[in-house]
1. Past the 28 Å Cα-Cα mark, which pairs from B:LYS63/B:LYS90; A:LYS22/B:LYS66; A:LYS22/B:LYS34; A:LYS81/B:LYS34?
2. Using the heavy atoms of the protein chains and a 1.4 angstrom probe, tell me the accessible area per residue for the protein assembly as shown in square angstrom.
3. How big is the gap, in Å, between the Cα center of the range B:32-101 and the Cα center of the range A:32-93?
4. Could you tell me what a quarter of the Cα convex hull surface of the range A:21-101 works out to, in nm² with one decimal place?
5. At 222 nm, what helix-only mean residue ellipticity would chain A give, in deg cm²/dmol to the nearest 500, using -39500 (n - 2.57) for each DSSP H run of four or more?
6. Could you sort the residues of the range A:70-101 by number and keep only those whose accessible area is reduced by 20 Å² or more in the all-protein-chain setting relative to the chain alone, 1.4 Å probe?
7. Residues with beta-carbon under 12 Å from that of A:VAL58, excluding A:VAL58: net charge, scoring Lys, Arg +1 and Asp, Glu -1?
8. For the pair B:GLN72 and B:ILE91, how long in nm is the line joining their label points, each one 7 Å along Cα→Cβ?
2 protein chains.
Amino acid sequence: MKRNLEIIDYKENTEALARFAKALGHPTRIAILKHLEAQSCCFTGDLVDVFPLAQSTVSQHLKELKNAGLIQGELKPPKIKYCINQENWKIAKSLFENFFG
Amino acid sequence: MKRNLEIIDYKENTEALARFAKALGHPTRIAILKHLEAQSCCFTGDLVDVFPLAQSTVSQHLKELKNAGLIQGELKPPKIKYCINQENWKIAKSLFENFFG
DNA sequence: TTGGTCAATCGTATATTTGCGATAAGAGAT
DNA sequence: ATCTCTTATCGCAAATATACGATTGACCAA
């Protein structure tokens with residue numbers, strides 16, 4: 001049943017795209033990702049210095065980006081180094097490219 | 001002051017991108033846009049038939065897409081024909097392309 | 001003017017998001 | 001064990017988002 005598979009893919013792609021888009025739907029999160037793109041990686045504390053937000057708020061945005069799969073954290077005690085999750089980044093990129101045609 | 005202009009552009013692009021992303025951050029709105037892409041245009045009623053949602057809910061999603069500038073409505077009494085706003089679509093496309101690198 | 005059709009808007013309820021300060025948790029160093 | 005540094009989580013308040021049914025408004029036809 002090729003048709004069903006296509007429908008499922010369509011549905012899954014739609015929801016995956018919406019999930020990524022939702023994660024990108026806040027200026028601070030876009031800025032965090034731009035920062036990570038430019039620096040390749042950075043620590044939470046660096047971001048707290050850059051944005052006029054409380055540490056807990058920055059941490060929450062990082063959590064959402066992590067839940068969406070766009071970033072990943074690596075333990076570098078006593079800090080945590082955040083980087084873009086290249087694998088999912090590529091998936092998101094291709095979903096958006098495909099979407100915008 | 002080139003530097004200031006760059007900062008402003010950076011800030012504006014970040015916010016514009018977040019606004020577009022936010023509008024795309026719901027499966028129904030992605031699906032509506034995919035539908036419009038495929039059909040080029042369609043009426044609200046068609047969408048109400050396609051999605052398992054109340055008419056008022058679909059209308060609300062259309063309003064958000066319109067506010068984000070991604071679609072536009074044309075009066076075709078007694079119906080309204082919705083199409084993708086090609087101009088802003090291109091802007092969104094290039095913002096995302098630029099963002100994902 | 002009246003009626004019919006279609007879509008937007010109004011209330012309303014519920015859920016989610018965003019932000020903060022305060023607190024807890026994890027991992028060395030002393 | 002205790003202290004320090006860094007980050008996550010908790011608890012809360014305010015704002016926003018999502019969905020619905022009911023109502024209103026716009027337009028054309030009879």
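The values are calculated or read from the model by the stated rules, or taken from the named source; none is laboratory data. Keep in mind that what you see is a predicted model, and the values were worked out from it rather than measured. FYI the Cβ positions are ideal-geometry reconstructions off the backbone, even for glycines, and counts take in every protein chain you see. What goes into the accessible areas is simple: the full protein's heavy atoms, side chains included, and nothing from ligands, DNA or RNA. Shrake-Rupley method; radii C 1.70, N 1.55, O 1.52, S 1.80 Å.
1. On the way: B:LYS63/B:LYS90 20 Å; A:LYS22/B:LYS66 17 Å; A:LYS22/B:LYS34 17 Å; A:LYS81/B:LYS34 37 Å.
Long pairs (Cα-Cα over 28 Å): A:LYS81/B:LYS34.
2. Working: 12070 Å² over 202 residues.
Heavy-atom SASA per residue in the protein assembly as shown reads 60 Å².
3. That distance is 32 Å.
4. Working: hull surface 21.3 nm².
Mean orientational projected area (the range A:21-101, Cα hull): 5.3 nm².
5. Numbers: 5 runs with 70 residues, N = 101.
The helix-only estimate for chain A comes to -22500 deg cm²/dmol at 222 nm.
6. Flagged in the range A:70-101: A:TRP89, A:LYS93, A:PHE96, A:PHE99, A:PHE100, A:GLY101.
7. Numbers: positive: A:ARG29, A:LYS63; negative: A:ASP46, A:ASP49, A:GLU64.
Its environment carries a net charge of -1.
8. Those two pseudo-labels are separated by 1.2 nm.
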